[in-house]
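The values are calculated or read from the model by the stated rules, or taken from the named source; none is laboratory data. For clarity, every value in this text was computed on a predicted model and none was experimentally measured. Here the Cβ positions follow ideal geometry from the backbone for every residue, glycine too, while neighbour counts run over all protein chains shown.
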Amino acid sequence: MARLLIIGCGGVARVAIAKCCQNKDIFQEIMIASRTKEKCDALAEELRPTTSTVITTAQIDAMNVEALTALIRNYRPDAVLNVALPYQDLAIMDACLAAGVHYIDTANYEPEDTDDPAWRKIYEERCRREGFSAYFDYSWQWAYQEKYRAAGLTALCGTGFDPGVTSVFAAYAKKHYFDRIDTIDILDCNGGDHGYPFATNFNPEINLREVSAPGSYWENGHWVEIPAMSVKRTYDFPEVGEKDMYLLHHEEIEALGAHMPEVKRIRFFMTFGQSYLTHMKCLEDVGMLSTTPVNFEGHEIVPIQFLKALLPDPATLGRRTVGKTNIGCIFTGEKDGKPKKLYIYNVCDHQACYREVGSQAISYTTGVPAMIGAMMVVTGKWQKPGVYTTDEFDPDPYMEALNRWGLPWTVEEDPQVVE
Ligand code: NDP
C-alpha cells in the first residue's frame, strides 16, 4: 500500500525499520538511506528473509538538500521518515517540500554547530524572549507551517516516545477523561542496567547535551528555568520500583504549552542513577561535553564527538541491558465538577525488545512510535497540510496502534502524584 523512505540507520532506525517490515501490509516498500550505506545493506540483508516488504538501500548525506531531493524524486515515496539526527531536520524538510512528499521525525531541530554566529544570534534572542535556554526548540520547524500548508503536505514532528507518545497520552486524557487538565507531569524512567560504568542509551552527543543543560518547566503561561539537575524527586514506578528523577527541559512541554493553554503546569522528569550523574559531572568539568572544536596535536577535534567515539555504541547495549522502562504522564484536573488524577504509562522490558528486534528498550520505545507516526500519515488517518506535533490529531488510532505494535499502555486512576 505505501512506500516509505527512511533516513538514518542507527539505533532508533533499526527498530522503526524492523517494525515497518512486520507491518508489511502497510509498508510494502521501504528504502533505507543513510550516511554509511554498509549499515543499511547489512540491516536489509538481515530483515529480507523475515518480511515481504521490498527493501532497497542508498547512500545519502541528508544535509545535501539537492542530492536528497533527487533521491526522493527518484524513489517516489509516500512519505519520508527522518530517524537520522535532529541536525538534519530542516534539510530533510526542505527536500520533502521540493519533492512534494510528507515528512515525519522523532526529535526537533537543533544545530550541530552551536557556535555558528548566525544561529547563535537568533538563539540568544529566543532565550531572552521565551525564557528557556535549550539548544532545541520548535520555532525552526513551526516556521515551515505556511510552506507545508501551501504545498498540501503534512509534517509530523516528534513521533518518538517522549516527545511523541507522551503528547498522544495528553490528547487522549483530554479527549476521554478530563473536562479540564490543570497539570501534566511527564515521567521517563529507565530501570535498565547495561553493566557498563557509563554509557548513553541513545546518541551520546544528543543525550549528553540534553541532560547537561538547565532544566525548565511551564507554569501559568511562561517558562521557569532552573540550574541543571537542581530539582530531584523520588517516585515509585509501577513494575520498576523506586527511582530518583530530575526535572529537565523537554521539547513536548513547548508544544503542549502552546496547544493546551488551559494547562497550568507542565514538567518533565527523567531518572538517573548516581553513577551516571557523577560521570557526567566529571566529563563536563573537564570540558569533554563541549561542542567547541579544540586543536589537538595538529588535528581539530570536537570534545563531545571524541567522547562519543570512546563510549559504547548505544546500538550494542541491547544484548547486555536488563530491566524495564516506564514512561508516562500523570494528569490532574477536573471531570464532572470533581477533582481527578490519572496516570497513563507504558512498561517495556529491555530483554524482550532485544529478543524481538535486537535492540534495547530506549530504541524500541522510540522506533515503534516512529513507525506508527509514519503509518498514521501514509494511511491518511493523520494528514492535514501544515506542521504538527502528535497532540494535534485524534489520539485514538495511534493509541490502538501502540497496543498492537508492542507498546501497550495502562491507565491508572488516582495515582501517587509528584509533589
Ligand atoms: P544514532 O546516532 O544511533 O543514528 C543516527 C543515524 O543517522 C546514523 O545511522 C547516522 O549515520 C545517520 N546520519 C547522521 N548524519 C547523517 C547525515 N548527514 N545524512 C544521513 N544520515 C545521517 O541515533 P539514534 O538512532 O539514537 O537517534 C535517532 C533519532 O531519534 C535522533 O534524532 C534522536 O534525537 C531521536 N530520539 C528520539 C527520542 C524520542 O523519544 N522522541 C528518543 C531517542 C532518540 P552513520 O551510521 O553514518 O553515523
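When segment 155-175 is examined, which residues are found to be touching a Phe, Trp or Tyr at 6+ places or on another chain (Cβ under 7 Å) and either among the β-branched types (Val, Ile, Thr) or within 8 Å of the ligand (Cβ to nearest atom) (or both)? Passing the criteria: only 168. Residues in segment 218-239 that are over 22 Å from the mean Cα position of the chain (by Cα) and surrounded by 18 or more Cβ atoms within 10 Å (Cβ to Cβ): 235 only. Within segment 340-397, if we keep just the residues that are assigned to a helix (DSSP H, G or I) and aromatic (Phe, Trp, Tyr), the residue that is farthest from residue 327 (Cα to Cα) turns out to be 354.
If only residues of segment 92-120 that are small (Gly, Ala, Ser) and buried (at least 19 other Cβ atoms within 10 Å of the Cβ) are counted, the one that is nearest to residue 144 (Cα to Cα) is 95.
Note on segment 176-189: residues that are in a strand (DSSP E or B) and either modelled with pLDDT under 95 or away from the ligand (no atom under 14 Å from the Cβ) (or both) total 6. Of all residues assigned to segment 293-305, at least one qualifies as being at positive phi, among the small types (Gly, Ala, Ser), without any contact (Cβ under 8 Å) to a residue 12 or more places away in the chain and surrounded by fewer than 16 Cβ atoms within 10 Å (Cβ to Cβ). Tallying residues that are outside any loop (DSSP other than H, G, I, E, B), within 30 Å of residue 390 (Cβ to Cβ), touching a helix residue (DSSP H, G or I) at 6+ places or on another chain (Cβ under 7 Å) and of a type outside the set (Phe, Trp, Tyr) within segment 244-298 yields 6.
Segment 13-97 holds strands (runs of 3 or more DSSP E) entirely within its bounds, and those carrying 2 or more residues that are away from the ligand (no atom under 14 Å from the Cβ) map to 27-34, 54-59.
Taken over segment 121-134, the residue count meeting the criterion of being in contact (Cβ under 8 Å) with a residue 40 or more places away in the chain and surrounded by 16 or more Cβ atoms within 10 Å (Cβ to Cβ) is 4.
Quick check on residue 365: is it surrounded by 14 or more Cβ atoms within 10 Å (Cβ to Cβ) and touching a Ser or Thr at 6+ places or on another chain (Cβ under 7 Å)? Answer is yes for this residue. Residue 220: in contact (Cβ under 8 Å) with a residue 12 or more places away in the chain, closer than 26 Å to residue 85 by Cα and not small (Gly, Ala, Ser), yes or no? No; evaluated as a whole, the condition is false for this residue.
Taking the criterion of being within 12 Å of the ligand (Cβ to nearest atom) and not acidic (Asp, Glu), the only residue of segment 209-230 that qualifies is 209.
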